[in-house]
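Remarks on the structure that follows.
The values are calculated or read from the model by the stated rules, or taken from the named source; none is laboratory data. Since the structure is predicted, the reported quantities are computational estimates derived from the model, not experimental observations. Here the Cβ is made from the backbone with ideal geometry for all residues, glycine too, and neighbour counts use every protein chain on show. Heavy atoms of the whole protein, side chains included, go into the accessibility calculation; ligands, DNA and RNA do not. Shrake-Rupley method; radii C 1.70, N 1.55, O 1.52, S 1.80 Å.
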Amino acid sequence: MSIRIDRNLCVGCGACVEACPGNLIKRDYKGKAVLKRPEECWGCASCLKECRFKAVSYFLGADIGGQGALMQFERDGDVSHWLVSIAGREPIDIAVDRHCANKY
Amino acid sequence: MRNDGLKLEKIHADMLVIGGGAAGCYAAITAARLNPNLRILVLEKANVRRSGCLAAGVNAINAYIVDNHTEKEYLEYVRWDAEKIIRDDLVLSMAKRFNSVARNLEKMGLVFLKDENGNYVSRGKRNVKINGENIKPILTAELLRYENISVINHVNVTDLLLGERGVCGAVGFAVNYEAAFVVTARATLVATGGAAGMYRPNNPGFSRHKMWYPPFNTGAGYAMGARVGAEMTSFEMRFVAQRCKDTIAPTGTIALGVGAKEVNAKGETYASRYGLSTSGRAQGATTEALEGRGPCYLQTVGISSEQEDDLCRAYLNMAPAQTLKWLESGKSPSHFNVEIEGTEPYIVGGHTGSGYWVDTSRRTTIPGLYAAGDVVGGAPKKFVTGSMAEGEIAAEAILGDLPALPEVDNEILTSLSQDKIAEYSRRMTDGESLYDVFELEEAMQKNMDNYAGGISAKYRYNEKQLTIAQERIAQLTKMASSLTARDMDEMLHIYELIDRLTVCETLIPHLKARHETRWPGFGVNADYPERNDECEYFVNSRRRNGVVEIVKRPLTVGKERYEHTN
Ligand SMILES: Cc1cc2nc3c(=O)[nH]c(=O)nc-3n(C[C@H](O)[C@H](O)[C@H](O)COP(=O)(O)OP(=O)(O)OC[C@H]3O[C@@H](n4cnc5c(N)ncnc54)[C@H](O)[C@@H]3O)c2cc1C
Ligand code: SF4
Ligand code: SF4
């Protein structure tokens, strides 16, 4: 389970560094976010949700069935967009409204 | 810096809360509301905003008294599910508060599903439906509203300070810079959650932290309590959960949400053979696989595409890996059943019964020390509302007890904390150790897996194996004492390992002491594979001079109050 941080998109705001429940994300010499040990990641997606610059993507490790798909997150007011890109397929956008309770 | 040790921060508070999760935050909020003059300090290992079990969000309010049902029914449900080993006073006292806690969460901004009359919509007899994705930011926004609450994030607490008259604070270190913290307080609440990572996990390689319980809840609270001699209960009632294969995501959403039944590889429903309790469900999946009828699934084939979309959204709100898995694999739940498996054993008082032995007011057996949430034993099925209710109960007890609690003697404390701070500093000055912390962690997990009833041992253990496990844990504990750290991040990993080893040191004697198999899904004592009605008691333990002593205590059926006696 893990996440990948795109150094080109990261502005070094530190939001993900603050939020990670395992203190796993640190800053490099340029102030940008780095996940020191990807295998320590719980997959809680907190960093994904905190980053306002879409610099974090989320993926499944190969050992749990990952095939290279990436998931990103974007917030538009109260609506969360979970954006999934899978090679060879149209991107998927699942919108979840914070004001709607789970049906299940 | 290396040679002059750590910078020292000394702080005094009236009430110290260790761990800002569901229980700790709600305890602080309760105390601050009831007494605006009280100085409350929360020390949190990560950042309260997204720390602990609630980080990814929760699926539902799992503990609620739905209309036309009663707290007594909840008590009887817990008694049945935990095979009698529960404290009536603890379960009833939290159950009485489930609904008021839920209402307070709604006031803070949590979204509840409501019917046309404005009543919460329930899922089964005990659950209500919510959007729980942002439950933690909501709870912490409330926490930070109070001026008399200070929160220090990114401080890992390792030990309690034990003076002559009880606990009077705690010590820890900053995880991002070289500083040690000594906090003195008249009352200390431990709310660090349960423990994961003692056993080799379901996914031992790259995704080794893709587990159900947070891998960052390392049992620190159990460990620090055990070290000061606090009594613990029911560690042998480990929690093995039935979860989705690979992602280890909860299954209740599918089972309760779309009514999916468990089926084995032959398509047979098997649950009734093992019983419908939490232990029974875990036992079902394991045994079916063991007898060659695995893998097991939740039968979702045939659900509508609308149901499937709602499931995908519900998982994004708490376990996004599962939704990604469905999309990426192309095996959507309407067309493919969802494979399930049993997890590695966790120690977690919010689901099963392991943790501090407390009185009805959540006082531990050590004066000045209180406990709430997953760290407390004897009250399974507390979930998020029960953990918060316990925080509230403990906060009320602290406010009542404070006038009688002694002022802290700073001199004694300084000398008590000095040893610990010297230990932290020593780790940063000494040369490199032969083994690193991750190698020792792997050794611990392998040992527990093989000899103390982990996944590869099919959750079975016997006296002889447990003795081997115990010897190895003792060796590893000794080896961990000489681990050195290049930076504070390594320091954190070292103390996380030490927490887990200390949990193992308590757990193994508990497993040895129960001469029966009461919860076959959570573990089978192969020397005593049957349930024995003569074992209807609590197995408790206390550490004296480094040795874990077992105490057996009677059940408390029908008692609504419990006070510590000896
Ligand atoms: C994945 C998952 C899903 C769940 N889903 C639901 C659900 O849908 N509905 C429901 O009702 N319940 C659910 N639960 C149960 C519920 O979340 C827990 O019972 C509850 O959060 C426990 O509260 P707690 O305060 O004891 O622990 P936590 O909320 O985990 O808080 C413990 C806190 O202590 C901190 N800490 C740990 N060690 C230290 C240390 N050494 N120093 C300082 N701080 C420390 C942690 O970082 C954390 O913030 C779920 C649990 C999990 C793990
Ligand atoms: S939140 Fe995003 S932009 Fe900010 S530091 Fe993290 S990755 Fe970089
Ligand atoms: S997914 Fe969670 S555990 Fe993993 S790096 Fe992000 S915040 Fe940390």
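Compute the length gained on full extension between residue B:411 and residue B:559: take 0.36 nm times their separation in residues and subtract their Cα-Cα distance, giving the result in nm to one decimal.
Gain in length upon complete extension: 49.1 nm.
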Exercise for review: Set the Förster distance to 35 Å, then compute FRET efficiency between residue B:566 and residue B:489 from the Cβ-Cβ distance, nearest 0.05.
Suggested key: 0.20
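Among the GluC sites (Glu not before Pro) in the range B:401-485, which ones are in a DSSP loop with at most 11 other Cβ atoms within 10 Å of the Cβ? Mind listing them? Present the calculation step by step, with values, prior to reporting the outcome.
Numbers: sites: B:407, B:411, B:423, B:432, B:439, B:441, B:442, B:463, B:471; in loops: B:407, B:432.
The qualifying sites are B:407, B:432.
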Practice item. Along Cα→Cβ, 7 Å out, is where each label goes; now give me the distance between the ones at residue A:97 and residue B:119 in nm to one decimal. Key: 2.5
Review point. In the range B:93-159, which trypsin sites (Lys or Arg not before Pro) fall in coil by DSSP and have 15 or fewer other Cβ atoms within 10 Å?
Key: B:96, B:125, B:145
Exercise for review: Give me the distance in nm between label points sitting 7 Å out from Cα along the Cα-to-Cβ direction at residue A:6 and residue B:439, one decimal.
Suggested key: 4.0
Exercise for review: Note the direction-averaged projected area, equal to a quarter of the hull surface, for the Cα convex hull of chain B, in nm².
Suggested key: 25.0
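At the nearest 100 Å², what buried accessible area, both sides summed, do you get for A and B when the probe is 1.4 Å?
That pair hides around 5000 Å² of surface in total.
Using the Kirkwood radius over Cα pairs, work out the Stokes-Einstein diffusion coefficient for the range B:37-192 at 20 °C and 1.002 mPa s, in µm²/s as a whole number. Show your work: numbers first, answer last.
Numbers: Rh = 18.3 Å.
The estimated diffusion coefficient comes to 117 µm²/s.
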Study note, to complete from the structure: log10 I(q)/I(0) for the range B:1-125, Debye formula on C-alpha points only (no solvent), q = 0.10, 0.15 Å⁻¹, two decimals, reads -0.48, -0.93
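Assuming R0 = 35 Å, what is the FRET efficiency of residue B:76 and residue B:550, from their Cβ-Cβ distance, to the nearest 0.05?
That gives a FRET efficiency of 0.75.
Considering only protein heavy atoms and a probe of 1.4 Å, how much of the accessible area of chain B is carbon and sulfur, as a whole percent?
47
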Study note, to complete from the structure: Per the 1/(1 + (r/R0)^6) rule, R0 = 35 Å and r from the Cβ atoms of residue B:301 and residue A:53, FRET efficiency to 0.05 is 0.30
Study note, to complete from the structure: At q = 0.10, 0.22 Å⁻¹, the log10 of I(q)/I(0) for the range B:466-566 from a Debye sum over equal Cα scatterers comes to -0.42, -1.18
Review point. So what J values fall out for the range B:267-280 if you push phi through Karplus, 6.51 cos²θ - 1.76 cosθ + 1.60 with θ = phi - 60°, rounded to Hz, Gly and Pro as x?
Key: x, 8, 7, 10, 4, 5, 5, 10, x, 9, 6, 4, 5, x
Study note, to complete from the structure: Rounded to whole angstrom, the alpha-carbon centroid of the range A:12-38 lies from that of the range B:8-70 at a distance of 25
Check your understanding: What is the log10 of I(q)/I(0) for the range B:166-205, computed with the Debye formula using one identical point scatterer on each Cα and no solvent, at q = 0.30 Å⁻¹?
Key -> -1.01
Review point. Largest first, how would A:99, B:351, B:510 line up by accessible area (1.4 Å probe)?
Key: A:99, B:351, B:510
**Study point:** Dimensionless Rg over Rh [the range B:304-393; C-alpha; Kirkwood]
**Key:** 1.20
Practice item. Run the numbers on chain A and let me know its relative contact order in percent, using alpha-carbon pairs under 8 Å that are six or more apart. Key: 22
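How big is the convex hull of the Cα atoms of the range B:242-342, per residue, in Å³?
Cα convex hull per residue, to the nearest whole number: 89 Å³.
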Check your understanding: Dividing the Cα radius of gyration by the Kirkwood radius, what Rg/Rh value follows for the range B:138-278?
Key -> 1.08
Revision key, fill the gap. Taking the alpha-carbon centre of each part, the distance from the range B:468-513 to the range B:272-294 in Å is 32
Check your understanding: Over the Cα atoms of the protein assembly as shown, Rg to Rh with Kirkwood Rh, two decimal places?
Key -> 0.94
Check your understanding: Going 7 Å from the Cα of residue B:537 in the Cα-to-Cβ direction, what parts of the range B:366-398 have a backbone nitrogen less than 17 Å from that spot?
Key -> none
Check your understanding: Check residue A:2: other-chain or 5+ apart residues with amide H under 5 Å from its amide H, H built from backbone geometry?
Key -> A:59, A:61
Review point. Which semi-axis lengths, in whole Å and largest first, follow from the square roots of five times the eigenvalues of the Cα gyration tensor of the range A:2-97?
Key: 21, 17, 12
Exercise for review: Report the relative contact order of chain B, percent, no decimals, based on alpha-carbon pairs under 8 angstrom and at least 6 residues apart.
Suggested key: 21
Point to revise | Cα centroid of the range B:307-331 to Cα centroid of the range A:72-88, whole Å | key: 13
Check your understanding: How about the range B:44-117: which GluC sites (Glu not before Pro) there lie in a loop by DSSP and see at most 13 other Cβ atoms within 10 Å?
Key -> B:116
Review point. Put a dot 7 Å past each Cα toward the Cβ at residue A:30 and residue B:309; how far apart are the dots in nm?
Key: 4.2
Revision key, fill the gap. CD proxy, 222 nm, chain B: helix-only mean residue ellipticity via -39,500 (n - 2.57) per DSSP H run with n ≥ 4, per residue, nearest 500, stands at -11500 deg cm²/dmol
Review point. What residues have an amide H closer than 5 Å to that of residue B:296, excluding those fewer than 5 places away on the same chain, when H is modeled at 1.01 Å from N in the peptide plane?
Key: B:340
Review point. Pairing the Cα long axis of helix B:488-513 with the longest principal axis of chain B, what angle in degrees results, from 0 to 90 and rounded to the nearest 10?
Key: 70
Review point. What share of the DSSP beta bridges in the protein assembly as shown is antiparallel, in percent to the nearest 5?
Key: 75
